[in-house]
Amino acid sequence: MKRIDHAEASSFFIAEKENEAFHDKRLWDLRQKRDHQRDDVPEWNELRELASAIKEHTLSHLSDYLEQFEDNAKKNGAHVHWALDAEEHNRIVHEILADHGVNTLVKSKSMLTEECELRPYLARRGIDVIETDLGERIQQLDDEPPSHIVVPAVHKLRGNVADVFARTLGSDPDNDDPHYLSEQARVTTRPYFLAAEAGMTGGNFAVAETGAVVVCTNEGNADLSATVPPLQLASVGIEKIIPRTEHLAVFVRMLSRSAVGSPITQYTSHYRKPKDGGELHIVLVDNGRSERLGMEDFWTSLKCIRCGACMNTCPVYRRSGGLSYGGVYSGPIGIILNPTYDLRKYSNLPFASTLNGSCTNVCPVKINIHEQIYQWRRILSEHNQLPFVKKAAMKVTGKVLADPKAYRRTIAATDVAMEHLPRFLLYTRFNAWGKQREVPVTPDQTFHAWYLKNRGTS
Amino acid sequence: MSSRKMILDAVSRNQPSAASLPEVPAFDRDLPPPWQQFQERLAGMGGKFARPVPDGNFDALVRELHPDANIICSATPEVTGNRDLSDVREPKDLDDVDVGVVRAAFGIAETGSVYLSEMEFGVNALGFLSQHLVVLLDPTDVVGNLHHAYRRREFADAAYAVLMTGPSATADIEGVLIHGAQGVRSLTVVEAPRPSV
Amino acid sequence: MRVALFVPCFIDAFFPEVAIATLELLERLGIEVEYPLDQTCCGQPVANSGCQEDAAGAEALFVKNFAGFDHIVTPSGSCTHHIRYHFDAIPQTDEVKQVRERTFELVEFLHDILEVDAFPWAEFPHKVGLHNSCGTLRSLRHASMSELGEPFFSKPLALLSKVKGIEMVTPSRPDECCGFGGTFSVFEEPVSAKMGYDKVTDHKNAGAEYIVSADNSCLMHQKGCAERLGVDLKFIHIAQILNGDNA
């Protein structure tokens, strides 16, 4: 698999000047709304501590809680399935749908099903899958993955959406009023809700003591998917377990506040039992999570509740757009999750960060995201996943920095300093520094030389 | 070996050393008056609020709120409407409902949410296929915050429970807030003390 | 009190005036400053690239140069951050730990250790925007962080407030990273430059004539961006203002 070139991809997004400018502004606006909501909750930092501790407790007792969840879900009359990986998840879902003669599946947004690439899998087997979240629907119709885990089409402007809808839904190409476009999505999706034989959701939380799957949405599409068709499916990552209902309060209080700066999502839905005459199938998915649980430096990334706050605050993400990360997860959380799926493919991502640390500060479950990014750089180096030229240059630089004489020789010719030092600033692409920036003027003498001349005794 | 066993074995093998589970406080010191805060937060989430009717005629109130409605389907005895919920065979039969009416089990001041389950809805899709929703709520049924809400029994008993906060909403196109993305276009909470038993 | 001056590689090569101002300022404050001549670099650029083992030589040399001093002072937040939190390519002997603990960024040293209450020689009659580098802000804790909603404090602003005639202006996103990020500035050139453009524009819109920072690496990047963009801004290290340089 080819390495993702985040830098190159970001240059394409930045070239879309209006999209980039709006993207940055919109996500920064979400960050400010989040700050406002944080100030409305005096116990905010206490909640973050609690959320982190509840997650760490649960992850350290995960096998017990998974079994407890399964027991209770079964008592509720739900079917519980276990999927080792994406392939097994897709197979299970397809079998359930095929057994019930399902032709149309309506689904709400689920990063897990994106991760498993469920939609193309089912499409190849003749099942029509309709994404019902507006942003996700836009992305589906445009044949693009979501660029943000909460607002999937945030990189698009209204005109882009009007183009997509005109092309795929036959709407008026000249009408880019978001109200009109949203209404188009509503009226064209409604028939699918009525016709679908099955509805599918993801799961934000799974409560061990009740066997409930909890889904947080704003559009009501998850509830339409779950309450209208007779057959209901929910795919849930094994890390989504929390022990008790009362713990939901801690997470629900922070999830939407962190994500979009509203006190709660419009709908917080708790699915425990199948509807009368219907069935509820819950698929618990591992897909690399159990392995990540054993990674000393990275297991706490499993605390993530997918709020997207780290993306909204990330100054790199806001400029590069989510698609530049080339993976299901983008932004800071994507940088630390994606390499666990494919170290080589995502080996450039940990360098798509200035390590500024804002992501860590906004994380409601206190994942040390920027420190994990730094740690991934080390792991990548140890696994020889750095480009040879970078590796070789660092070896030379390291040697020079360890030897005062060699170091002084290197910068002795100060008039050509930019060609020699700092080498690390220049070696990747030809004069990457100077492409859009002026190069600093080299002074007449180094401080070292000045010191020897003015203060030196030797 | 089953996938179930392989996953549980891998999890057991890899899970970090035991971390303790903290107690969660109720964070309920100095909470504002719940009924007032409920109304403010409901408005903040795009919900509407309606005062009680002096003569207790909720049918008339619903008509007044939605004068253009053809089909009104109520799951609560205070409102009769013109679509009998007991005639509904499948959830999708509710597709043509203009206004659904329910009584919430309780509300949450912190967020302006109402709690609804199959006990209140009768048919759950009533809360989503209807174009508009009217929710009756007794002011004494409002709890202060989500910690209080999630300690209530209802969550352990309900097959399906939803905290509904204002109408369906989306801001997926350029952040423009639009109500009625897929679910109800409006949600109105009506101050309605429970009928004395 | 034995105080050593650590001059990071890029300051040595490109911004000797910052190192001179630091030296002179400390001397004005009555400190006798030593400058170990064999110093090179803390190893940060190598370690930040993931090549931690290649930083071992630089780290060993750093310890050799700076062991035994009571305080090691440097006009660079990012180097201080590296030394304090990531300087572990070599065995952590007592000597290594001591050197790491005793390394201070200049603002910290002035504010926390010396507790300087006046810079009578300093006057700077200009509109100035402060750039807190991410390392000084979120790691060294120079100032309150906007993400946490904590009570306001700012060590650099506290020091600058003692400078005669200075007028501080506040950009709309004061905590936003400027996009330098060490090697990020070249590996991720498109985003880095865009962040820099946005940063200098934000300061300019706030009315700044100067941007001041405790990190010259951020300033070097922002200056390059402003010049290319044609934004009329000047850049100055906090050591220079506090030392009374009138620019």
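Descriptive notes on the structure:
- Selection from segment A:280-315 of residues that are of a type in the set (Gly, Ala, Ser) and within 30 Å of residue C:173 (Cβ to Cβ): A:301, A:308, A:309
- With respect to the stated conditions, residue A:302 is more than 9 Å from every other protein chain (Cβ to nearest Cβ), touching an Asp or Glu at 6+ places or on another chain (Cβ under 6 Å) and outside any loop (DSSP other than H, G, I, E, B).
- Candidates B:79, B:184, filtered to the one that is under 21 Å from residue A:188 (Cα atoms), in contact (Cβ under 8 Å) with a residue 40 or more places away in the chain and of a type in the set (Val, Ile, Thr): B:184
- The condition (being surrounded by 23 or more Cβ atoms within 10 Å (Cβ to Cβ) and facing chain C (nearest Cβ under 8 Å)) is satisfied by just one residue among A:346, A:407, A:374: A:407.
The rows are residues; the columns are (1) in contact with a Ser or Thr (Cβ under 8 Å, 6 or more places away or on another chain); (2) without any contact (Cβ under 8 Å) to a residue 12 or more places away in the chain.
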residue: C:96; (1), (2): no, no
residue: C:99; (1), (2): no, no
residue: C:106; (1), (2): yes, no
residue: C:110; (1), (2): no, no
residue: C:117; (1), (2): no, no
residue: C:120; (1), (2): no, yes
residue: C:137; (1), (2): no, no
residue: C:150; (1), (2): yes, yes
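- Residue selected from segment B:1-37 under the condition open to solvent by less than 40 Å² (accessible area, probe 1.4 Å) and in contact (Cβ under 8 Å) with a residue 40 or more places away in the chain, by the criterion farthest from residue A:293 (Cα to Cα): B:37
- Screening segment A:362-396 for residues that are touching a residue at least 40 places away in the same chain (Cβ under 8 Å), assigned to a helix (DSSP H, G or I) and in contact with an Asp or Glu (Cβ under 9 Å, 6 or more places away or on another chain) and picking the one that is farthest from residue C:173 (Cα to Cα) gives A:379.
- Lone qualifier among A:410, A:446 - being modelled with pLDDT of 65 or more, in contact with an Asp or Glu (Cβ under 7 Å, 6 or more places away or on another chain) and under 25 Å from residue C:47 (Cβ atoms): A:446
- Being among the small types (Gly, Ala, Ser), farther than 26 Å from residue C:4 by Cα and at pLDDT below 95 is a condition met by at least one residue of segment C:172-184.
- Some residue of segment B:110-119 being open to solvent by less than 20 Å² (accessible area, probe 1.4 Å), charged (D, E, K, R) and assigned to a loop (DSSP other than H, G, I, E, B): yes
- Of residues in segment C:219-247 being on the phi < 0 side of the Ramachandran plot and assigned to a loop (DSSP other than H, G, I, E, B), the one most open to solvent (accessible area, probe 1.4 Å): C:232
- Only one of the listed residues (A:331, A:398) is buried (at least 24 other Cβ atoms within 10 Å of the Cβ) and within 26 Å of residue C:63 (Cβ to Cβ). That residue is A:398.
- Qualifying residue in segment A:172-179 (condition: farther than 30 Å from residue A:284 by Cβ, part of a helix (DSSP H, G or I) and within 11 Å of chain B (Cβ to nearest Cβ)): yes
- Scan segment B:56-71 for residues that are assigned to a loop (DSSP other than H, G, I, E, B) and either charged (D, E, K, R) or at pLDDT below 95 (or both) and the total you get is 3.
- Single condition residue C:159 does not satisfy, out of (1) modelled with pLDDT of 95 or more; (2) in a loop (DSSP other than H, G, I, E, B): (2)
- Answer residue from segment A:349-371, given it is more than 11 Å from chain C (Cβ to nearest Cβ) and open to solvent by 10 Å² or more (accessible area, probe 1.4 Å) and is nearest to residue A:294 (Cα to Cα) among those: A:368
- Scanning segment B:127-144 for residues that are hydroxyl-bearing (Ser, Thr, Tyr) and at the interface with chain A (Cβ under 8 Å from one of its Cβ atoms) turns up nothing.
- Residue selection: residue C:153 fails the criterion of being among the aromatic types (Phe, Trp, Tyr), at pLDDT below 95 and either within 18 Å of the chain's Cα centre (by Cα) or surrounded by fewer than 22 Cβ atoms within 10 Å (Cβ to Cβ) (or both).
- Residue list for segment B:120-140, filter: among the charged types (D, E, K, R) and buried (at least 20 other Cβ atoms within 10 Å of the Cβ): B:120
- 1 or more residues within 23 Å of residue A:326 (Cα to Cα), within 12 Å of chain B (Cβ to nearest Cβ) and of a type in the set (D, E, K, R): qualifying helices (runs of 4 or more DSSP H) within segment A:45-158: A:86-99, A:134-141
- The listed residues are B:88, B:53, and the only one of them that is modelled with pLDDT under 95 and touching a Cys at 6+ places or on another chain (Cβ under 9 Å) turns out to be B:88.
- Subset of segment C:1-54 that is part of a helix (DSSP H, G or I) and among the charged types (D, E, K, R) - its residue that is nearest to the other protein chains (Cβ to nearest Cβ): C:54
- Residue within segment C:72-79 that is within 14 Å of chain A (Cβ to nearest Cβ), in a loop (DSSP other than H, G, I, E, B) and among the polar types (S, T, N, Q) present: yes
- Checked against (1) buried (at least 21 other Cβ atoms within 10 Å of the Cβ); (2) facing another protein chain (nearest Cβ under 10 Å), residue C:99 passes all but a single condition, namely (2).
- In segment B:156-174, the residues that are among the small types (Gly, Ala, Ser), open to solvent by 10 Å² or more (accessible area, probe 1.4 Å) and over 19 Å from residue A:134 (Cα atoms): B:156, B:159
- Qualifying residue in segment B:51-71 (condition: within 14 Å of chain A (Cβ to nearest Cβ) and either open to solvent by 80 Å² or more (accessible area, probe 1.4 Å) or polar (S, T, N, Q) (or both)): no
Each row is one residue, and each column tells you yes or no for (1) among the polar types (S, T, N, Q); (2) in a helix (DSSP H, G or I); (3) surrounded by 13 or more Cβ atoms within 10 Å (Cβ to Cβ).
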| residue | (1), (2), (3) |
| --- | --- |
| B:39 | yes, yes, yes |
| B:46 | no, no, yes |
| B:49 | no, no, yes |
| B:73 | no, no, yes |
| B:76 | yes, no, yes |
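- Test: residue in segment C:168-188 that is in a strand (DSSP E or B), within 29 Å of residue C:112 (Cβ to Cβ) and either open to solvent by less than 20 Å² (accessible area, probe 1.4 Å) or more than 9 Å from chain A (Cβ to nearest Cβ) (or both): yes
The values are calculated or read from the model by the stated rules, or taken from the named source; none is laboratory data. Being a predicted model, the structure only gives us computed values, none of them experimental. Note that we place each Cβ from the backbone using ideal geometry, even for glycine, and neighbour counts take in every protein chain shown. Heads up: the accessible areas ignore ligands, DNA and RNA and are worked out on the full protein's heavy atoms, side chains in. Shrake-Rupley method; radii C 1.70, N 1.55, O 1.52, S 1.80 Å.
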